[in-house]
Amino acid sequence: MSYDPNPQFDPNDFSVHDAHCHCGAIAYTVKLSPSIATHKVTRCNCSICRRNGFLCVYVSRAQVQFSRGWDEAKRYRFGNMNVDHVFCGTCGSSLLVDTRRWWKGRDFLAMNVRFFKDVTDFDKLNYREYDGASFKPNATAPLDDSGCWYDKQQDWTKVEENPFYP
Ligand SMILES: [Zn+2]
């Protein structure tokens, strides 16, 4: 069975998580379904996840309520430039990945559960290991200086749905 990163929201099985960056400039609440007790958290070994410690759950944008700081958040892109890695410009916390321009019609935010206030024991989470380091839709594409894959020739604006996406 293929992995669905964003299962249907089940009103009988969800959890609510308050979160904020380290300095508190950006604050938000995430509704996660199924609840964190059984939710598969993606642990990826790609160049950015390794460095920033991303442990991600994928939720629809409507499931995240920003109470503070969203407009001031900084964004970082690399590789195919199609997802925004969103972080706090003051404290540098890596909060989420905004996939809007990548997966047309499926508006996800990949939320880093390390910022959920009630999640403190990371050994208790259910993980889905993802080998993002080997993510190469086109094996002939070059590596950039950061060691991540990208392809300057490919027109990524034409990608409707990418089966390789973690
Ligand atoms: Zn901050």
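Readers should treat all values here as calculations from the given coordinates under stated rules, not as data from a laboratory. The structure displayed is predicted, hence computed values, not measured ones. Note: ideal-geometry Cβ built from the backbone for every residue, glycine included; neighbour counts use all protein chains shown.
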Handout entry: ³J(HN,Hα) computed for each position of the range 52-60 - Karplus, 6.51 cos²θ - 1.76 cosθ + 1.60, integer Hz, glycine/proline x
Key = 9, x, 4, 10, 10, 10, 9, 10, 5
Practice task
Can you pull the one-decimal nm distance between simple spin-label points at ASP13 and GLU129, each 7 Å off the Cα toward Cβ?
Solution key: 2.5 nm
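Is the shape of the range 1-84 rounded, prolate or oblate, going by the alpha carbon gyration tensor and its root eigenvalues a ≥ b ≥ c, with a/c under 1.5 for rounded and a/b larger than b/c for prolate?
oblate
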Handout entry: Per-residue ³J(HN,Hα) for the range 24-41, Karplus 6.51 cos²θ - 1.76 cosθ + 1.60, θ = phi - 60°, Hz, x for Gly and Pro
Key = x, 5, 10, 9, 6, 10, 10, 9, 10, 9, x, 5, 4, 4, 10, 4, 7, 9
Practice task
Pull up all non-local amide H partners of TYR130: gap of 5 or more, or a different chain, and H-to-H distance under 5 Å with H placed in the peptide plane.
Solution key: ARG43, CYS44, ASN45
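Just rank LYS74, LYS124, LYS40, fewest to most, by other beta-carbon atoms within 10 angstrom.
Working: LYS74 13, LYS124 9, LYS40 17.
Going from sparsest to densest Cβ surroundings: LYS124, LYS74, LYS40.
Starting with the highest mean, order 127-133, 25-31 by the number of other Cβ atoms within 10 Å, averaged over the residues of each peptide. Spell out each step's value before the answer.
Working: 127-133: 14.6, 25-31: 19.3.
Descending packing order for the listed peptides: 25-31, 127-133.
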